[in-house]
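The values are calculated or read from the model by the stated rules, or taken from the named source; none is laboratory data. Source: prediction; values computed, not measured. Note that each Cβ is placed from the backbone with ideal geometry, even for glycine, and that neighbours are counted across all protein chains shown.
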Amino acid sequence: MRRSATTWRCAGATVGVVSGTDARLGQGPVRGSWLGAVAMKSRDSGWSSRPGAAVRDRAERRCTVRCTAENGPREPTADACAGVSGGAKVAVGAATFAVGTATGPEPQETSKALDRVWVGFDLGGTKMLTKVYTDDFRELAKKRKRTRVQEGVKAGLKRLIGAIEKALQKAGVSPDALAGIGVGCPGPLDLKKGIVREAPNLGWYDVPLKKELEDAFGCPAVICNDVDAGVYGEYRFGAGRGGRCVVGVFPGTGIGGGCVYRGKIVQGERLSCMEIGHIVVEPEGPRCGCGQRGCLEAIASRLAIAAAAAQAVHRGQAPALKKLAGADVERIRSGVLAKAIEQGDEVVERIVIDAAETIGRALAGVVHLLAPDAIVLGGGLVEAMPRLFVKTVQAAVDRHVLKTFRGTYRVACAELGDDATVRGAAAWARDRILRPDTD
Ligand SMILES: [Zn+2]
């Protein structure tokens, strides 16, 4: 076991920890003599030392520390030592610090923990992506495959299991080392039983995915909504790092939403939730895929934007888009919209801004309900026009929230791209498997 102190990085803060005392943090003891005093450095306020207090503060925020020093000890900066009491011997190394994830200081020192790996899986209608991670979420291998929905459920499951086997093989790890599998899936799920209830994109109905995986690999599996997994990924490793309440919105064909609150995905007893796409924003608005009228996604999804843009082409108002894609909704993808705007199609820009404003207006309601400190926008549409989206959504939320809420949240662009769901699913599985008691 390492006895030196170490630093953790998180959301712009570095935490230096001094060895020498047996202290406790969060839900479990920090093994041996990890924590005695804590010196904290934040981006804004520089170093400060709060022996004991800092440990308590962090415990209250259910922060946990993963004692996985990666780069070995090195001498601390003078700043790091300032205010640390008792002349304790200090050495500082680099490690990972996860806020609010309840991953907990389980015994990372054992060879079992160091050797174990986690698999994340993103199950989409057209492609499947799986990755193998170390216990501290360094990527070891990946495998991408087409889903081939038309081949049916049995073949789909076989492909899924085959993809995981292949990825493990590529990673060069023995199946014994696999500690758990996390899958982000579309469609209503039975979270408790791990059943995909209804995924029209996959042609899957009542598929017991959790059981299939557990039988195939002999380890626990956790399934969750793919958008939830993506928001959790952003919360753990991306734009939502360190947030107390992180809301994610992903406009695509529909508009997906998710929320991580104090380290946990907000879910119902059985169902996933945060269906922000089906908040009604215009009672007399266009018909949504769900059958209701005026849902957010009927007005502001990529599909809705593309349809409005195609009409603009048809009316002769979008010459650049006409050259790029014509009036074919299928061809008006996110990148094409961005290009048309760049090339001067003001009407297209207006359509996108209107959509972003509508999303912002719906989000203002979410802010009133949840008081998030971070709102993460992601998906292809946002990634193609990050500045336009973030700026417009931020302004619209500001305009529509009660004054006291203004300035309490930040709107940010997702950072992980395609990685968010697969990494988030693996990390969520780890949380659920190692700390089921924190549900
Ligand atoms: Zn709807």
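Taking the range 292-325 as the range and being closer than 17 Å to HIS278 by Cβ, under 29 Å from the mean Cα position of the chain (by Cα) and of a type outside the set (S, T, N, Q) as the test, the residues that pass are GLY294, CYS295, LEU296, GLU297, ALA298, ILE299, ALA300, ARG302, LEU303, ALA304.
So that you can scan it fast, the table gives a plain yes or no per residue for (1) at pLDDT 95 or above; (2) touching a strand residue (DSSP E or B) at 6+ places or on another chain (Cβ under 8 Å):
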{"residue": "ALA310", "(1), (2)": "yes, no"}
{"residue": "GLY326", "(1), (2)": "yes, no"}
{"residue": "GLU330", "(1), (2)": "no, no"}
{"residue": "ASP345", "(1), (2)": "yes, no"}
{"residue": "ILE359", "(1), (2)": "yes, yes"}
{"residue": "HIS368", "(1), (2)": "yes, no"}
{"residue": "VAL376", "(1), (2)": "yes, yes"}
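Take ALA179 and decide whether it is in contact (Cβ under 8 Å) with a residue 60 or more places away in the chain, outside any loop (DSSP other than H, G, I, E, B) and of a type in the set (A, V, I, L, M, F, W, C). Judged against the criteria, ALA179 is a match.
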